[in-house]
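Undergrad: Could you have a look at this structure, given as structure tokens, before my questions?
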Amino acid sequence: MGNNPTHLPSFLPRVPEFITLHQITKTFPPNVVALDGVSVSFEAGEIHAVVGENGAGKSTLMKVLYGLYRPDRGQILLGNQSVRFHSANDAIAAGVGMVHQEILLIPEYTVWQNVVLGAEPRTRWGTLDVARARGAVQAKIDAFGFNIDPDAPVGELSVAARQKVEILKLLYRDVSVLILDEPTAVLTPLEVPQLFAELRRLRAAGKTILFISHHLDEVLELSDRITVLRRGKKVDTVPAASTSKSELARMMVGRELMFTARRAAQPKGEIILRVEGVYYRDKQGVSRLRDVSLTVRAGEIVGIAGVEGNGQYELVNVLVGLEHAEAGSIFINGHDLTHASILERRRHIAFVAQDRSKLAASVSASVAENAIMTHHRLNEMFARRRWRLDMRQAGAFTEQMRKQFTVAMSRPDQPFRALSGGNQQKVILGRELLLERPFLLLDQPTRGLDVGSTEYVREQIAQQRDAGRAILLISSDLEELFSLTDRIAVMYRGAIVADVPTAQTDLEQVGAWMLQGRNQRTAQSA
Amino acid sequence: MRIVIGLLNGMLAGATPVLLAALGGAFTFYAGVFNIAMEGMLLAGAFCAALGSFFSGSWVIGVLCAIAGALSLSVLFILFAIVLKTDEFVTGIALNLFAAGATTYLLRQLFGVRGAFTDPAIQPMPRLEIPLLAQIPLAGEVLSGQNVMVYGAALAVLVCAWLIFRTPFGLRLRAAGYNAASLESSGVRPARVRIAALLICGVLCGLGGAFLSLGYVRLFAEGMSAGRGWIALAAVILVNGNPWGVALITLVFGLADGLGLLAQGLNVPAQFTGMAPYLATLIALFVYARRKSRARSGSSIQA
């Protein structure tokens with residue numbers, strides 16, 4: 001601590017310890033220690049990353065700083081004055097603003113309306129001073145080189161642009177510290193450099209940026225200093241220039257991690273999934289899938305890449321039977337499932353849905369109830385007695401799953417929502433793998449999981465491939481696709497614009513296809 | 001010609017209480033409160049207006065009492081739905097039933113009458129002669145000489161549209177309905193905005209209620225709001241709260257009301273003519289739903 005980062009523009013006054021968190025402890029009832037005596041200082045004009053696994057306490061730390069949580073012990077020093085924020089308003093008034101993980105904007109309002117909401121300039125008669133409001137927003141846009149139209153309705157903006165609006169909202173309120181919680185989680189690979197350029201411009205203007213991230217590459221690229229948390233304790237604060245990805249990973253999990261999944265060349269099996277010329281329109285009549293054809297062979301992992309909203313969601317729905325294709329056909333293992341019921345399809349498909357709390361599980365049901373879903377109709381063990389659910393057997397089944405998939409849980413009748421995200425995903429994955437279906441459909445299986453759980457899930461996927469299953473993996477994490485898949489198909493506006501062996505392409509090329517389709521890929525890469 | 005003028009006058013009189021209640025409903029609609037208590041607020045307003053005017057001999061006091069009466073229901077709504085976070089729908093139903101029961105009970109206790117209370121001591125709201133407009137040949141008979149509250153309602157449309165679309169309050173009001181979390185993160189408490197919307201709704205419903213018992217007629221009758229608060233709710237939902245749309249819809253309702261009165265003169269049974277406004281509401285809903293579904297299929301062709 002206290003070493004001087006060299007990037008600071010010389011004309012800026014040096015305010016070494018700008019914000020200091022001193023011995024912060026936060027316990028959630030009954031006895032979950034989220035933060036245990038954490039002390040960190042943030043310097044003016046630095047980009048400071050806070051990294052750690054899920055549950056390491058990084059979000060809690062930021063929320064304590066922002067005034068959303070009250071620490072049990074410890075103090076926050078702003079300059080050398082002890083402060084305590086009671087609300088987001090207090091924090092903003094003191095110059096600390098937060099860009100939340102879920103973007104909180106009003107789609108019906110324009111950019112400038114969203115930015116000024118709550119701090120509107122008024123005319124002499126008390127009406128909204130539209131000219132002054134627009135002018136102030138435009139001035140911030142110009143000052144920080146944000147490429148955005150103040151009159152655009154937010155509902156029509158991309159996620160990246162909405163994130164800019166959130167940042168603008170804080171800049172309009174003249175904060176000097178910006179906290180960003182997983183800012184890149186919602187961005188496509190080509191949008192990340194743009195955000196980083198903007199954050200660097202903010203730093204050049206003297207703002208302090210604190211950001212939370214899972215992605216160690218990004219952390220290393222962007223930040224000046226990095227604080228690593230593990231299980232509520234600070235491991236260390238290190239200058240980004242003098243550390244490495246593997247060192248950070250070791251500090252985060254306390255052991256070495258393997259970052260490259262082993263991809264053994266496999267002899268090609270027979271075709272398991274065959275999708276032919278599928279078209280689909282949504283209820284509004286908008287064409288969502290256009291002539292989608294795809295095959296997945298036994299012992300093969302095929303990845304689907306694409307910016308969210310380009311048909312991946314609809315493809316999954318059409319495959320599992322939540323929606324019906326307008327034209328085209330779907331075969332699994334030679335069975336024509338184009339018009340089959342969901343139950344019939346589930347005899348052939350194991351499916352890990354993207355949304356854990358909505359589609360993949362019922363968070364208010366017990367762990368055991370979640371564990372036996374689908375099995376209760378299709379698994380011999382339960383299907384024999386059709387009208388009676390044998391909860392004792394369900395408990396035994398859950399216990400078996402707990403052992404096999406190392407789920408950290410107390411009792412089978414524990415509510416599902418009490419499990420951590422990683423353990424929830426293990427239950428869901430375990431349930432689907434125990435179905436032993438020839439085809440595995442995985443929709444964002446590692447989204448929101450910490451490094452350890454992510455690695456576990458990826459290992460399981462690789463094992464399934466080695467066991468000869470056909471796997472279709474939809475992921476927004478390109479690195480995941482590159483480390484696991486044998487082939488990558490890129491979806492763009494409802495069509496598959498590229499379908500290539502993973503070994504014959506690279507991240508930049510796939511990124512370009514995702515953003516522009518295949519034909520215009522030479523046009524530009526902003 | 002006489003018939004047309006009579007019809008137009010009937011339309012304005014029929015539209016006024018619904019319009020005022022619906023403008024109130026527009027505020028709560030934008031604020032994201034599911035407020036169905038306009039019916040009860042109108043009734044409480046009508047009762048308190050008659051009461052105030054009877055005892056004071058002044059229609060102004062009557063109107064102030066009406067506002068106080070409707071506001072008391074607003075305050076109850078705020079206490080339950082906003083402070084204690086009870087269900088808005090259940091709260092609204094309870095308040096409507098409470099208003100119906102309380103006014104009937106007080107009518108019998110205070111005046112010892114059943115059904116309706118009328119007395120020469122109830123001073124009605126005056127009509128307003130507008131000097132220049134009155135000179136215009138036929139239009140003058142409609143535009144001038146209306147009840148004070150008719151002009152009040154017209155003015156209320158302007159004021160509400162201004163408040164909702166031109167002021168910082170309006171920006172926050174609509175934000176509370178669109179995405180309360182966003183408003184909260186902008187440093188404004190959505191509950192406060194909702195409380196303001198409910199209070200404004202109470203004032204407007206009080207004015208509408210006062211027109212019922214001191215303008216439309218000069219008496220208070222049990223259940224005299226007769227579903228106008230519900231029609232106001234339908235109007236608000238139909239046009240997504242837009243005050244200009246609300247004005248248009250309630251004029252259509254008023255026209256149906258006027259036609260009903262006209263038909264009564266032609267020996268159509270009153271039970272049928274009384275249905276006219278409600279039929280108009282159903283027809284408006286039908287037309288609106290058709291237009292919306294057409295707009296939807298139209299947009300898909302573009303896509």
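The values are calculated or read from the model by the stated rules, or taken from the named source; none is laboratory data. Being a predicted model, the structure only gives us computed values, none of them experimental. Cβ: placed from backbone, ideal geometry, glycine included. Neighbour counts: every protein chain shown. What goes into the accessible areas is simple: the full protein's heavy atoms, side chains included, and nothing from ligands, DNA or RNA. Shrake-Rupley method; radii C 1.70, N 1.55, O 1.52, S 1.80 Å.
Undergrad: For segment A:349-428, with the dipole built from +1 on Lys and Arg beta-carbon atoms and -1 on Asp and Glu ones, taken about the Cα centre, which of A:ALA396, A:ALA353, A:THR406 lies farthest toward the positive end?
TA: A:ALA396
Undergrad: From other protein chains only, count the Cβ atoms within 10 Å of every residue's Cβ in A:127-140, then give the mean.
TA: Average neighbour count from other chains, rounded to a whole number: 1.
Undergrad: Given charges of +1 on the Cβ of Lys and Arg and -1 on the Cβ of Asp and Glu, with all other atoms neutral, how large is the dipole of the protein assembly as shown about its Cα centre, in debye to the nearest 20?
TA: Dipole size: approximately 1080 debye.
Undergrad: What residues in segment B:182-197 lose 20 Å² or more of accessible surface when the other protein chains are added to their chain alone (1.4 Å probe)?
TA: Going by heavy-atom accessible area, the residues of segment B:182-197 that drop by at least 20 Å² are B:SER182, B:SER185, B:SER186, B:GLY187.
Undergrad: Which listed residue (B:TYR278, B:ALA210, B:PRO190) has the Cα farthest towards the positive end of the charge dipole for segment B:2-297, taking +1 on Lys and Arg C-beta and -1 on Asp and Glu C-beta about the Cα centre?
TA: Going by the charge dipole, the pick is B:PRO190.
Undergrad: In angstroms, what radius of gyration and Dmax does segment B:30-138 have, counting Cα atoms only?
TA: Reported Rg and Dmax, both Å: 17.5, 57.
Undergrad: How long is the gain from A:HIS335 to A:ARG250 if the chain were fully straight, where each residue apart is worth 0.36 nm and the alpha carbon distance is subtracted?
TA: Gain on extension, A:HIS335 to A:ARG250, equals 25.9 nm.
Undergrad: Considering every residue in A:278-290, what mean count of other chain Cβ atoms within 10 Å of its Cβ is obtained?
TA: 2
Undergrad: In addition: Ignoring ligands and nucleic acids, what accessible area does B:TRP162 show with a 1.4 Å probe (Å², nearest 10)?
TA: 110
Undergrad: B:ALA191 to B:LEU266: extension gain in nm, 0.36 nm per residue of separation minus the Cα-Cα distance?
TA: 21.8 nm
Undergrad: For A:LYS283, which aspartates and glutamates qualify as cross-link partners when the Cα separation must be under 15 Å and same-chain residues fewer than eight apart are set aside?
TA: Answer for A:LYS283, where 15 Å is the Cα cut-off: A:GLU314, A:GLU323, A:GLU326, listed by chain and number.
Undergrad: Which of the lysines could a cross-linker bridge to A:LYS403, judged by Cα under 20 Å and excluding same-chain residues fewer than eight apart?
TA: A:LYS426
Undergrad: Counting only C-alpha contacts under 8 Å and six or more residues apart, can you give the relative contact order of chain A as a whole percent?
TA: 14 percent.
Undergrad: Residue-wise, which Karplus ³J(HN,Hα) couplings in Hz belong to segment B:146-156, taking 6.51 cos²θ - 1.76 cosθ + 1.60, θ = phi - 60°, and x for glycine or proline?
TA: Each residue's phi maps through the Karplus curve to give 7, 4, 3, 5, 5, 5, x, 5, 4, 5, 4 Hz.
Undergrad: Please give the length that would be gained between A:LEU378 and A:GLU344 if that part of the chain were fully extended, namely 0.36 nm times their separation in residues minus their C-alpha to C-alpha distance (nm, one decimal).
TA: Once the chain is fully extended between A:LEU378 and A:GLU344, it gains 11.3 nm.
Undergrad: Just to be sure I understand the curve: with the Debye formula and one point per C-alpha of segment B:2-297, what is log10 I(q)/I(0) at q = 0.14, 0.16 Å⁻¹?
TA: -1.04, -1.31
Undergrad: Roughly how large is the B-A contact in terms of buried accessible area, totalled over both chains, probe 1.4 Å, nearest 100 Å²?
TA: Answer for the B-A pair: about 1800 Å² buried.
Undergrad: Whenever you get a sec, line up A:LYS358, A:LYS245, A:LYS58 from highest to lowest accessible area (probe 1.4 Å, protein heavy atoms).
TA: Most to least solvent-accessible, the answer reads A:LYS358, A:LYS245, A:LYS58.
Undergrad: Compute the convex hull volume of the Cα atoms of segment A:383-526, divide it by the residue count, and report the result per residue in Å³ as a whole number.
TA: So the per-residue hull volume is 156 Å³.
Undergrad: Taking the DSSP beta bridges in the protein assembly as shown as the whole, what percent of them are antiparallel, to the nearest 5?
TA: Looking only at bridges with both residues in the protein assembly as shown, the antiparallel portion is about 55 percent.
Undergrad: Return the long-range amide H neighbours of A:PHE211 (sequence gap of 5 or more, or a different chain), with a cut-off of under 5 Å between placed amide H atoms.
TA: Sorted by chain and number, the residues that satisfy this are A:HIS48, A:ALA49, A:VAL50, A:LEU180.
Undergrad: Then there's this: Considering all alpha-carbon pairs of segment B:83-228, what whole percent are spaced by more than 25 angstrom?
TA: Summing the P(r) tail past 25 Å for segment B:83-228 gives 51 percent.
Undergrad: Oh, and also: Quote the accessible area belonging to A:LYS63 in square angstrom, nearest 10, computed with a 1.4 Å probe and with ligands, DNA and RNA left uncounted.
TA: That residue has around 60 Å² of solvent-accessible surface.
Undergrad: Further question on the same structure: To the nearest Å, what is the center-to-center distance of segment B:164-235 and segment A:161-180, using C-alpha atoms only?
TA: Using only Cα atoms to place each centre, the spacing works out to 34 Å.
Undergrad: Loop only by DSSP, 13 or fewer other Cβ within 10 Å of the Cβ. Give me the chymotrypsin sites (Phe, Trp or Tyr not before Pro) in segment B:205-266 that pass, ordered by residue number.
TA: The qualifying sites: there are none.
Undergrad: Put a dot 7 Å past each Cα toward the Cβ at B:LEU79 and B:THR104; how far apart are the dots in nm?
TA: Output for this residue pair reads 2.3 nm.
Undergrad: Now for a separate question. A:ARG518 versus B:LEU155, label points 7 Å from Cα toward the beta carbon: distance in nm?
TA: Taking the simple label geometry, A:ARG518 and B:LEU155 are separated by 7.0 nm.
Undergrad: Additional query: Relative contact order (percent) for chain B, with alpha-carbon contacts under 8 angstrom and 6 or more residues of separation?
TA: Dividing the mean separation by the residue count of chain B yields 36 percent.
Undergrad: Continuing with the same structure: Can you pull the mean other chain C-beta count within 10 Å for peptide B:161-170?
TA: Neighbouring Cβ atoms belonging to other protein chains average 4 per residue here.
Undergrad: For a quick check of understanding: with a 1.4 angstrom probe and all protein chains in place, what accessible area in square angstrom does A:TYR492 have, to the nearest ten?
TA: Approximately 40 Å² for this residue.
Undergrad: Restricting attention to chain B, give the cysteines that have no other cysteine Cβ less than 4.7 angstrom from their Cβ.
TA: Unpaired cysteines in chain B: B:CYS160, B:CYS201, B:CYS205.
Undergrad: When the accessible area of segment B:2-297 is split by element with a 1.4 Å probe, what percent falls to carbon and sulfur?
TA: 71
Undergrad: For the protein assembly as shown, what is the accessible area per residue in Å² when the probe is 1.4 Å?
TA: 45
Undergrad: Right, another one. Which helices pass in chain A if a helix is a full DSSP H run, must span at least 15 angstrom along its long axis by Cα, and must have mean Kyte-Doolittle hydropathy not below -1.0?
TA: A:130-143, A:159-172, A:192-204, A:421-434
Undergrad: Sticking with this one: For segment B:1-60, run through the chymotrypsin sites (Phe, Trp or Tyr not before Pro) and keep only the ones in DSSP coil with at most 16 other Cβ atoms within 10 Å of their Cβ.
TA: Passing sites in segment B:1-60 are B:PHE34.
Undergrad: Over the C-alpha atoms of the protein assembly as shown, what are the Rg and the largest Cα-to-Cα span, Dmax, in Å?
TA: So, for the protein assembly as shown, Rg and Dmax equal 32.8, 101 Å respectively.
Undergrad: Shifting gears a bit: Tell me the relative contact order for segment B:220-287 as a rounded percent, counting alpha carbon contacts under 8 Å between residues six or more apart.
TA: Once divided by the residue count of segment B:220-287, the mean separation gives 28 percent.
Undergrad: How big is the gap, in Å, between the Cα center of segment A:351-377 and the Cα center of segment A:284-304?
TA: Centre-to-centre distance over Cα atoms comes out at 25 Å.
Undergrad: In debye to the nearest 20, how big a dipole does segment B:123-273 give about its Cα centre with +1 on each Lys and Arg Cβ and -1 on each Asp and Glu Cβ?
TA: Using only the charged Cβ atoms, the result is roughly 560 debye.
Undergrad: Continuing with the same structure: Provide A:GLU276, A:GLU432, B:GLU129 ordered by accessible surface of protein heavy atoms (probe 1.4 Å), highest first.
TA: Final ranking, largest accessible area leading: B:GLU129, A:GLU276, A:GLU432.
Undergrad: Continuing with the same structure: Students sometimes get this wrong: rank A:VAL154, A:VAL286 by accessible area, probe 1.4 Å, all chains present, largest first.
TA: Largest accessible area first, the residues go A:VAL286, A:VAL154.
Undergrad: Once label points are set 7 Å from the Cα along Cα→Cβ at both A:GLN23 and B:ILE93, what is their separation, rounded to one decimal in nm?
TA: Between A:GLN23 and B:ILE93, the label points sit 5.7 nm apart.
Undergrad: Hand me the GluC sites (Glu not before Pro) from segment A:111-209 located in a DSSP loop with no more than 10 other Cβ atoms within 10 Å, in residue order please.
TA: none
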